[in-house]
């Protein structure tokens, strides 16, 4: 484990980005770039659970912690990614306390939860470190609930106070869509939702996270109390780099033709 949960609990700002190509190579490139954490995206990304394994292996020798966003809160989805070595789980569209409890239950071994017990898995060194891993899992595994709906805004305090939920992570695209102001991050409705989320998290001693569309907005959200901040994705980095290089070459070619 790369002490991400400890850093979050201390209130440090931790920077991350998305991995949505399902590629172990881009995972390694991003991991070596200096991010504190990355989010392997199984909700909207191109990869599947098998691809998570190769991405985690690629990130192993970097200083970057690996969070996996699963599609839903079923315990099988949760313990599958934990068993292969994820250091945290993000679950989208958590609407209320009952749904948050499902996440926490899936993160924890019995008797506290319902996570399936398997010793011969990658997370435990294939059985070598099971006792150490299982006894410290609650201290090390990061539980993240995404706040993306109007219903969630009505249950922020309940979700935030639940032991095992460490971060309330705002999904700006889904939340602004739910509020009827898609993409308008400067709209008062969205700003109020962010402030309410941060307030609920801070009262419970938890952190708030957000995915930025523009890195220039970092200070704005930091000043509001957000400390788990992501911007960009491997697909974005590749696409932007390709477009920029193509544009430069085309510009040079045009100049030479003249």
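For percent of Cα pairs over 32 Å apart, the value computed from the atomic coordinates appears in the list [x] 11; [y] 28; [z] 22 under label [z].
Here the simple spin-label model places points 7 Å from the Cα toward Cβ, and for residue 251 and residue 9 these points are separated by 5.0 nm.
Taking the chain as a Gaussian network of alpha-carbon nodes connected by springs under 10 Å, the highest mean-square fluctuation of the residues 111, 215, 92 belongs to 111.
Exposure proxy shown here: for 28, 148, 12, the number of other Cβ atoms within 10 Å sets the order, fewest to most, as 12, 28, 148. Take the chain, connect every pair of alpha-carbon atoms lying under 10 Å apart with a spring to form a Gaussian network, then pick out the residue of 226, 29, 147 with the largest mean-square fluctuation. With Cα springs under 10 Å in the chain, the top fluctuation among 226, 29, 147 is at 29. Considering only alpha-carbon pairs that sit under 8 angstrom and 6 or more positions apart, the relative contact order computed for segment 13-80 is 36 percent.
Put simply, the C-alpha atoms of segment 73-158 give a gyration tensor, and the ellipsoid matching it has half-axes of 27, 11, 10 Å, longest first. Please report 186, 41 as a ranked list, fewest other C-beta atoms within 10 angstrom at the top and most at the bottom. By the 10 Å Cβ count, ascending: 186, 41. In segment 127-157, whose amide N lies under 16 Å from the spot 7 Å out along Cα-to-Cβ of residue 119? List them in ranges. Answer for segment 127-157: 127-135. Taking the number of Cβ atoms within 10 Å of each Cβ as an exposure proxy, the fewest-first ranking of 256, 19, 168 is 256, 168, 19. Highest GNM mean-square fluctuation, the chain, Cα pairs closer than 10 Å: which of 238, 103, 30? Ranking 238, 103, 30 by mean-square fluctuation puts 238 first.
Based on Cα contacts under 8 Å between residues 6+ apart, segment 1-119 shows a relative contact order of 20 percent. Contact order for segment 4-257, expressed relative to its length and based on alpha carbon pairs under 8 Å spaced 6+ residues apart, stands at 19 percent.
Where a number appears in this text, it was derived from the coordinates with a stated rule and is not lab data. For clarity, every value in this text was computed on a predicted model and none was experimentally measured. Every residue, glycine as well, gets a Cβ built from its backbone with ideal geometry; the counts of neighbours run over all protein chains shown.
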